[in-house]
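Let me begin by presenting the structure, written as structure tokens, before commenting on it.
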Amino acid sequence: MVIAFVMINTEMGSEKAVLEAIKKVDGVIEAYDAFGVYDIIAKIKAETMDKLKEIMTRKIRRLDQVRSTLTLIVTE
């Protein structure tokens, strides 16, 4: 099992819409608005690294108003 925290920057004013879309993505366990450098923080759980990569590239980064992401993979 792979767990990652993803910090997300969005287009200005689209934070709430992106947050709601991210919460609907399979594998996203938690997602929150944030203040500071990043607009949203999400916790993702995937069965494998390949599955995590798929969630990031095909589901989160492709959202229209996502500008950038930073992924931190948790180690045990």
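What about GLY36, is it crowded, with 17+ Cβ neighbours inside 10 Å and on the phi > 0 side of the Ramachandran plot? Lay out the reasoning, then the answer.
Working: crowded, with 17+ Cβ neighbours inside 10 Å: no; on the phi > 0 side of the Ramachandran plot: yes.
So GLY36 fails the test.
Cβ separations smaller than 9 Å between residues 6+ apart or across chains give the following pairs from region 1-15 residues that are in contact (Cβ under 8 Å) with a residue 24 or more places away in the chain and among the acidic types (Asp, Glu) to residues that are outside any loop (DSSP other than H, G, I, E, B) and surrounded by fewer than 18 Cβ atoms within 10 Å (Cβ to Cβ): GLU11/ARG67; GLU15/ASP33. Just to verify a result, which residue in region 14-29, among those that are surrounded by fewer than 12 Cβ atoms within 10 Å (Cβ to Cβ) and not basic (Lys, Arg), is nearest to ARG67 (Cα to Cα)? This residue is GLU20. Which ones in region 20-49 are within 10 Å of the chain's Cα centre (by Cα), part of a loop (DSSP other than H, G, I, E, B) and farther than 15 Å from LEU63 by Cα? If the condition is that a residue be within 10 Å of the chain's Cα centre (by Cα), part of a loop (DSSP other than H, G, I, E, B) and farther than 15 Å from LEU63 by Cα, then GLY27 is the only one that fits.
Total residues in region 14-59 satisfying the condition of being within 20 Å of THR75 (Cβ to Cβ), β-branched (Val, Ile, Thr) and touching a Phe, Trp or Tyr at 6+ places or on another chain (Cβ under 9 Å): the figure is 2. For region 1-13, a residue qualifies if it is closer than 18 Å to VAL74 by Cα and surrounded by 14 or more Cβ atoms within 10 Å (Cβ to Cβ), and the qualifying residues are VAL2, ILE3, ALA4, PHE5, VAL6, MET7, ILE8.
No lab work stands behind these numbers, since they all come straight from the coordinates. This one's a predicted model, so the numbers in the text were calculated from it and none came from an experiment. In this analysis, Cβ positions are derived from the backbone assuming ideal geometry, glycine residues included, and neighbour counts consider all displayed protein chains.
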